[in-house]
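Remarks on the structure that follows.
The values are calculated or read from the model by the stated rules, or taken from the named source; none is laboratory data. Quick caveat, the model's predicted, so the values are computed rather than measured. Using ideal geometry, Cβ is built from the backbone for each residue, glycine included, and neighbour counts are taken over all protein chains shown.
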Amino acid sequence: MLTIALSKGRILQQTLPLLEKSGIEINNINSRKLVLNTNLNEIKVIIIRATDVPIFVQHGVADIGVTGKDMLIEHGANGVFELLDLKIAKCKLMIASEPEKKLQKNTLKIATKYIEATKNHFENKSQQVEIIKLNGAIELAPKIGLSDCIVDLVATGNTLKANGLVAVENIMDISSRLIVNTAAFKTKNAEIKKLVETINKII
């Protein structure tokens, strides 16, 4: 039995065609159940938040999973291997601020929920920052003086524009990745490699 952890929302919608082309169809996909069977007796699916996928895979609750590169960085990728870039749910992790805002300061205040990626980026630039963790309404932070800028995922840029912000620097390109539990990669290697090879051909 292989258990696949899938991320809810946009990632799920773009993962489903890949699975279907690989011969995996999820039963009752629109139900409220979190654990679903598929047309293959040896494969079941768990549908959870993207932030939880690396945790489920790390602890062996799921053998493989699909989540964004941003979530892997924040998780630290402990206990998992990244197998494939699925090239879906693409976006950019960007620094954004109010137009013409000066970001050259001794200590830059940044609001974000992407703590590790932000810290790594500014450490590499040798720039001192104060990171303020927010889980929502991040675009509001510069407007109310909570931060000088934000670091957030940007797909179309419409949310930034609606909140009077502009993207000033691309930290990294983000896409969804196929990950595997390190122990499962040894014990279920043949099954996992077969699925990975199939998906890789489709990509």
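Tallying residues that are within 17 Å of residue 198 (Cα to Cα) and not charged (D, E, K, R) within the range 39-54 yields 3. Against the conditions (1) touching a residue at least 12 places away in the same chain (Cβ under 8 Å); (2) under 30 Å from residue 80 (Cα atoms); (3) of a type in the set (A, V, I, L, M, F, W, C), residue 190 satisfies every one except (1). Assessment of the range 22-38 against the conditions (under 19 Å from residue 196 (Cβ atoms), of a type in the set (S, T, N, Q) and without any contact (Cβ under 8 Å) to a residue 40 or more places away in the chain) yields at least one matching residue. Restricting attention to the range 144-158, the residues that are polar (S, T, N, Q) and either in contact with a strand residue (DSSP E or B) (Cβ under 8 Å, 6 or more places away or on another chain) or under 22 Å from residue 74 (Cα atoms) (or both) add up to 1.
Pick from the range 144-188 the residues that are outside the structural domain of residue 19 (by TED's automatic domain parsing), more than 17 Å from the chain's Cα centre (by Cα) and hydroxyl-bearing (Ser, Thr, Tyr): which of them is nearest to residue 60 (Cα to Cα)? Among those residues, the one meeting the criterion is 159. Between 39, 78, 27, the distinction of being at pLDDT 95 or above, surrounded by fewer than 18 Cβ atoms within 10 Å (Cβ to Cβ) and either more than 21 Å from the chain's Cα centre (by Cα) or in the same structural domain as residue 194 (by TED's automatic domain parsing) (or both) belongs to 39 only. Kindly establish whether residue 55 is crowded, with 18+ Cβ neighbours inside 10 Å and without any contact (Cβ under 8 Å) to a residue 40 or more places away in the chain. So residue 55 fits the description; yes. In the range 1-24, the residue that is surrounded by the most Cβ atoms within 10 Å (Cβ to Cβ) out of those that are of a type in the set (A, V, I, L, M, F, W, C) and farther than 18 Å from residue 72 by Cα is 19. Here residue 143 meets each of (1) of a type outside the set (Asp, Glu); (2) in contact with an Asp or Glu (Cβ under 8 Å, 6 or more places away or on another chain); (3) at pLDDT 95 or above with one exception, condition (3). Please work out if residue 64 is buried (at least 22 other Cβ atoms within 10 Å of the Cβ) and closer than 17 Å to residue 171 by Cβ. Judged against the criteria, residue 64 is not a match. Restricting attention to the range 135-152, which residues are surrounded by 18 or more Cβ atoms within 10 Å (Cβ to Cβ) and either closer than 18 Å to residue 51 by Cα or of a type in the set (D, E, K, R) (or both)? The answer is 138, 139, 148, 151, 152.
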